[in-house]
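I have placed the structure first, in the form of structure tokens, so that the comments after it can refer back to it.
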Amino acid sequence: MESIGRTFGRFLQGRKALVTGGTSGIGAAIGRALEAAGAEVTITGVTEQEVAAAKAAPDLAGMRAEVLNVRDDGAVRQLVSAFDNLDFLVNCAGTIRRGAEHEPEVFEQVLDINLTGTMRCCAAARPLLGKSGGVIINIASMLSFFGGGLVPGYSASKGGVAQLTKSLAIAYAPDTIRVNAVAPGWIATPLTQSLQEDAARSQAILDRTPLKRWGRPEDVAGAVLFLCSPAAAFITGTILPVDGGYLTA
């Protein structure tokens, strides 16, 4: 992540960022990238254990870590209200329940976290972001573009995140808030560990991916940094795939 910091420089010096779901995986990589670029970063996890582990992790030690359940509107608003100003909101909090999402109760839970939770955070942060001319980055997915038979809730929620991003880009533009999303492809994180270790499944993924490798969390973080940067000042409402070309193959 230091390499990304050197590439971009500390162009976010003095800015404040909130990364929900930032205690591990892609969210943690985004938090590290924002911090390397000079931002003051707050990350959140859904449990005390996740937050305690983040506070103990050397590569996250410079960040403020807080417990947040994005299903709790009051908790979301309370956390956001503690900021005196906010420049960037990155909505990484999410869940996937492979196989179980055909049960309506589980389906509803997944949507409430991934989609409605994203909206809760956007709505709560809008006043502060309007004051700073801030940026929202949502985390979409390849499954924003096509279906997943084992994950109807996740697929529906990520399709919703893509449409929410476009809708809020229009609605929040008068407040000078830019709203974009990144859509990660197959990224090597603990959530995909079982697929990485399945030789046949992993090879099938690599065979379809033009760049012939698994993505890294840092690949997604680099795209987020770009969308937060002045170089993206005229970009809003876009869904940026970070997938090594998987969607085009």
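The values are calculated or read from the model by the stated rules, or taken from the named source; none is laboratory data. This one's a predicted model, so the numbers in the text were calculated from it and none came from an experiment. Counting neighbours? That spans all protein chains shown, and the Cβs are built from the backbone with ideal geometry, glycine included.
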Residue under evaluation GLY22, criteria (1) at pLDDT 95 or above; (2) among the small types (Gly, Ala, Ser); (3) surrounded by fewer than 24 Cβ atoms within 10 Å (Cβ to Cβ), criterion not met: (3)
Sort out which residues of region 98-136 are farther than 26 Å from LEU18 by Cβ and either surrounded by 15 or more Cβ atoms within 10 Å (Cβ to Cβ) or under 16 Å from the mean Cα position of the chain (by Cα) (or both), and write them in order of number. ALA100, GLU101, VAL106, PHE107
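Evaluate region 133-142: report whether one residue or more is of a type outside the set (S, T, N, Q), closer than 21 Å to ARG10 by Cβ and without any contact (Cβ under 8 Å) to a residue 24 or more places away in the chain.
We begin by selecting, within region 133-142, every residue of a type outside the set (S, T, N, Q); these are 133-137, 139-140, 142.
This time we only want the ones that are closer than 21 Å to ARG10 by Cβ, so: 133-135, 137.
With the extra rule that they be without any contact (Cβ under 8 Å) to a residue 24 or more places away in the chain, the set shrinks to none.
No.
When only residues in region 25-44 that are touching a Ser or Thr at 6+ places or on another chain (Cβ under 7 Å) and farther than 20 Å from ALA188 by Cα count, which is surrounded by the fewest Cβ atoms within 10 Å (Cβ to Cβ)?
Of the residues in region 25-44, the ones touching a Ser or Thr at 6+ places or on another chain (Cβ under 7 Å) are 25-26, 43-44.
Remaining after also requiring farther than 20 Å from ALA188 by Cα: 43-44.
Working: ILE43: 31, THR44: 28.
Once the filter is applied, the top-ranked residue is THR44.
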Name, by its number, the condition in (1) touching a residue at least 24 places away in the same chain (Cβ under 8 Å); (2) buried (at least 17 other Cβ atoms within 10 Å of the Cβ) that does not hold for LEU150. (2)
Take the residues in region 124-178 that are among the hydroxyl-bearing types (Ser, Thr, Tyr) and outside any helix (DSSP H, G or I); name whichever of them is farthest from HIS102 (Cα to Cα). THR176
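Between LEU79, LEU12, which is of a type in the set (A, V, I, L, M, F, W, C), touching a helix residue (DSSP H, G or I) at 6+ places or on another chain (Cβ under 7 Å) and on the phi < 0 side of the Ramachandran plot? I'd like the intermediate steps shown before the answer.
Numbers: LEU79 fails: touching a helix residue (DSSP H, G or I) at 6+ places or on another chain (Cβ under 7 Å).
When all the criteria are applied, what remains is LEU12.
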Under 7 Å by Cβ, and 6 or more places apart or on different chains, what pairs join a residue from region 164-178 that is touching a residue at least 24 places away in the same chain (Cβ under 8 Å) with one that is exposed (fewer than 14 other Cβ atoms within 10 Å of the Cβ) and not charged (D, E, K, R)? THR176/GLY133
